[in-house]
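Asker: Before we start, here is the structure in question, set down as structure tokens.
The values are calculated or read from the model by the stated rules, or taken from the named source; none is laboratory data. Since this is a predicted model, take the numbers as computed values, not measurements. For neighbour counting, all protein chains shown are included, and Cβ atoms are generated from backbone atoms with ideal geometry for every residue, glycine included.
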Amino acid sequence: MNDDLTMPGPAPEPAPRSRARRIVLAAVPVVLVLAAVAGAATYTKITVDHADRTAATKLWQKPVNSGGKDPAGEVSRGRASTGLSKLLLPVPKDYRLGPDIGELGNDSELSGRAAAAEMKESGRGLAGKQRRELAKRIDGLHIQGLAVRSYAAEANDLVVDTQLVRMKDRKAVRDMYRFQTGLFDAVDIFRDGPKITGHTKNAKCFRAPRDKSELDSVYCVAYDGEVLLSFSASGTEPFDASGTALLVMDQLDHIKSPGEYV
């Protein structure tokens, strides 16, 4: 594991060229986060604007004679067919599976090499040497898998994207967590996000800068053992930041006890 994933302290200033390269690499994840949040926010706005508010609400009811438990699980609550997909929070009450997360869909998983390749795609647009350095960083993480799931509130006022990355080395997970949260702190345009009850030492959230739009967003980074969590939520005003924090808490608690559906 390359220890320079952690944010640099007040050490002597390195050579200008090396410093510039690190700044470019450090900025990439933040740009991607902003793009992802903006995409989810756009989806939320379109969904809200076109929601049919005249349709009667239909409540799902369990059949009286439902027979045995479906071995495939409740598909509407998300896949649970692999070790990593079981760690994703099942779709909670008052939510449904949400929009596609790029080409990954709204509920999917990639194995080690494919997961690493997907993360390396974040380097698109960088110069060749910079992109190779980013790829080297990712190779050093020994990624074992990546799973994503999106959620949309039934009220059409919130969209959530969740990504879990499993790594071989727990130290690499902690280092990446410190690296990512350090990026947000360094950019200094995000507001403080909500606190995650019971996880203040391994989870941190940031809130999008204030603007004149009707939307707001929160981005959270967290970890548990060998799993790194990235979580983004975008919704209309009034934005329920505390409710978003509860989703992150439920996701982290579910990682600890994946057999308990919430």
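Asker: Just give me the residues in the stretch 195-218 being surrounded by 20 or more Cβ atoms within 10 Å (Cβ to Cβ) and either of a type in the set (Phe, Trp, Tyr) or touching a residue at least 40 places away in the same chain (Cβ under 8 Å) (or both), in sequence order.
Answerer: Ile196, His199, Ala203, Cys205, Phe206, Ala208, Leu215, Ser217
Asker: Within the stretch 74-124, take every residue that is farther than 16 Å from Val159 by Cα and basic (Lys, Arg) and give me the one that is surrounded by the most Cβ atoms within 10 Å (Cβ to Cβ).
Answerer: Arg79
Asker: I'd like the full set of residues that are assigned to a strand (DSSP E or B) and touching a residue at least 60 places away in the same chain (Cβ under 8 Å), limited to the stretch 180-194.
Answerer: Of everything in the stretch 180-194, nothing turns out to be assigned to a strand (DSSP E or B) and touching a residue at least 60 places away in the same chain (Cβ under 8 Å).
Asker: I've got another one for you. Pairs needed: first member in the stretch 105-121, free of Cβ contacts under 8 Å to residues at least 24 places away in the same chain; second member anywhere, aromatic (Phe, Trp, Tyr) and not in a helix (DSSP H, G or I); C-beta distance under 6 Å; at least 6 residues apart or different chains.
Answerer: Every condition considered, no pair remains.
Asker: Test Ala36 against the criterion of being modelled with pLDDT under 50, part of a helix (DSSP H, G or I) and either under 17 Å from Val165 (Cβ atoms) or not hydrophobic (A, V, I, L, M, F, W, C) (or both), and give yes or no.
Answerer: So Ala36 passes the test.
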